[in-house]
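K.L.:
Structure incoming, see below.
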Amino acid sequence: MRTSQWSAVAVAAGLVITLAACSPGGNGGDGDGEASGQELSILIGSSGDAETTAVTEAAEAWAEESGNTVEVIAANDLVQQLGQGFSGNNPPDLFYMPWDQFQTYAAQGFIEPYAEDLENADQFLPALREQFSYEDQFYCAPKDFSTLGLQINTAAWEAAGLTDADVPTDWEGLQSVAEQLTTGDQVGLSMGREYQRVGTFMGQAGGGVYEDGEVTADSPENAEALEYLQGLIDAGALAYPQDLEAGWAGEAFGLGRAAMVIEGPWINGAMANDFPDREFISVELPEGPGGPSTFAFSNCWGIPIESDTRDAAVDLVEYLTADEQQLAFAEAFGVIPSTESGSAAYAEQFPENAAFVAGVEYAQSPVAFSGAAAAVAEFNTSLESQGLADPAAVLGPFQENLEAAAAEANG
């Protein structure tokens, strides 16, 4: 069983220490290697077979054209394996650099700031360029992006006597349909027990955890969000995947154990590959008392600093981030292209995913300054051990840990 795509990139608390022990020389190259005749290893954090197959086929097509060879490795735990590669002075030649790890790796000088050298450097969405910039330098190319939406099992919806008019647009509506969809065999709603899902409700309540350089994790708005979710749990309308004997919300959804889930467009590929008979729609997340909110996630294509294979890896990144290839990835496993022209073409080509594109207009980026990932990981652990019944018990330590991380990051 796999975990949520985004919890799979949650950082281990010791990562910064591990990286600090590494030699920043990566593969020890001078960055002047030829862009052909190279052997490249590519480490990805895959959402499933559909993504692994698509990336492998694209990389092999590039290799055949360029005269290089590639090996694509789907990580069991991307953050752990990436850290092990750097600590062993043997990082992959190209890798998914998770949004929550980028600032840490960039601050410690472990990744190559190559993105401005790309022919398509100015085509990436401004928000994504900003997300993968460090000290005003655009470091690595965003490979795609995703927002979160609400997936609805249409068969369960109809069986409960619900219609299009019942699609929830606010918290009250979400609770109502979640309760109506809950039966002895399925829960109305499921999502990952993690900041990467809970945090969207904080935003919908008008809260957040970091704004204008200040940590705001223990705000009344965030407490309100946790209280709302606890109310769903108390009503029996919300259950986490682990409680449904599923590795992630998508699996619970595919198995029919949850009638609604909160996931991104990667669920399309997962359902097509693992549960092809599951019929569903994706809609925008309901608004909270503070308005609409969702998260926007992205990975960038990371290259180790001073790598022998830098030139070949940069050439491969240009190939993988071209609009045509990104749209092929979108068709294979649901992600949205990271360029302005590619995302516009995606909206036309995949109208059934309109909710994810619409979410871009009000999406927030999860907190990701250097060191924040460790605080997020501890918050996720506290959600597992303490739950949501006492918001102060989990938000208080989250506030303290983020403040400490922010103080260190800001010197």
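K.L.:
Using the alpha-carbon atoms, what tilt in degrees (0 to 90, nearest 10) does helix 171-181 show relative to the longest principal axis of the chain?
P.N.:
80
K.L.:
Follow-up. Pop a pseudo-label 7 angstrom from the Cα along the beta-carbon direction at both A121 and N89 and give the gap in nm to one decimal.
P.N.:
So the two model labels end up 3.1 nm from each other.
K.L.:
Still on this model: Treating the angle as unsigned and between 0 and 90°, give the value, to the nearest 10°, between the Cα long axis of helix 78-87 and the longest Cα principal axis of the chain.
P.N.:
The angle comes out at about 30 degrees.
K.L.:
Using only Cα atoms, figure out Rg for the chain and give it as a multiple of 2.2 N^0.38 Å.
P.N.:
0.96
K.L.:
Net charge near V376, counting Lys/Arg +1 and Asp/Glu -1 over other residues with Cβ under 14 Å of its Cβ?
P.N.:
Neighbourhood net charge equals -4.
K.L.:
At a Förster distance of 60 Å, what's the computed FRET efficiency of S341 paired with A392, Cβ-Cβ distance as r, to 0.05?
P.N.:
Working: r = 47 Å, r/R0 = 0.78.
My answer for the efficiency is 0.80.
K.L.:
Let me check the size of region 342-411 from its C-alpha atoms; what are the radius of gyration and Dmax in Å?
P.N.:
17.5, 46
K.L.:
For E158 and N410 in one chain, what is 0.36 nm times their gap in residues minus the Cα-Cα distance, to one decimal in nm?
P.N.:
85.5 nm
K.L.:
Taking the dipole about the Cα centre of the chain, with the C-beta of Lys and Arg at +1 and of Asp and Glu at -1, give me whichever of A223, S338, S146 is farthest to the positive side.
P.N.:
A223
K.L.:
How high is the FRET efficiency from T69 to Q349, r the C-beta distance, R0 30 Å, rounded to 0.05?
P.N.:
0.40
K.L.:
Roughly how many debye, to the nearest 20, is the charge dipole of region 267-326 about its Cα centre, given +1 on each Lys and Arg Cβ, -1 on each Asp and Glu Cβ, and no other charges? It would help to have the intermediate numbers written out before the result.
P.N.:
Values: 2 positive and 12 negative charges, 50 e Å.
Its charge dipole is roughly 240 debye.
K.L.:
I need the calculated FRET efficiency for the pair E39 and A328, taking r as the beta carbon distance and R₀ as 41 Å, to the nearest 0.05.
P.N.:
So, using R0 = 41 Å, E works out to roughly 0.95.
K.L.:
Give, as ranges by residue number, the residues of region 339-383 whose backbone N falls under 14 Å from the point 7 Å along Cα→Cβ of I281.
P.N.:
351-356
K.L.:
Any chance you could run the full-extension gain for A165 through A272? It's 0.36 nm times the residue separation minus the Cα-Cα distance, nm to one decimal.
P.N.:
Numbers: separation 107, 0.36 × 107 = 38.52 nm, distance 2.71 nm.
Between A165 and A272, full extension yields an extra 35.8 nm.
K.L.:
What does the charge dipole of the chain about its Cα centre add up to, to the nearest 20 debye, if the Cβ of each Lys and Arg holds +1 and the Cβ of each Asp and Glu holds -1?
P.N.:
940
K.L.:
Roughly how tilted is helix 49-66, in degrees to the nearest 10 and between 0 and 90, from the longest Cα axis of the chain?
P.N.:
20
FYI, it's all coordinate maths here, none of it is from the lab. These numbers come from a predicted model, not from an experiment. Cβ sites come from the backbone with ideal geometry, for glycine too, and all protein chains shown count toward neighbours.
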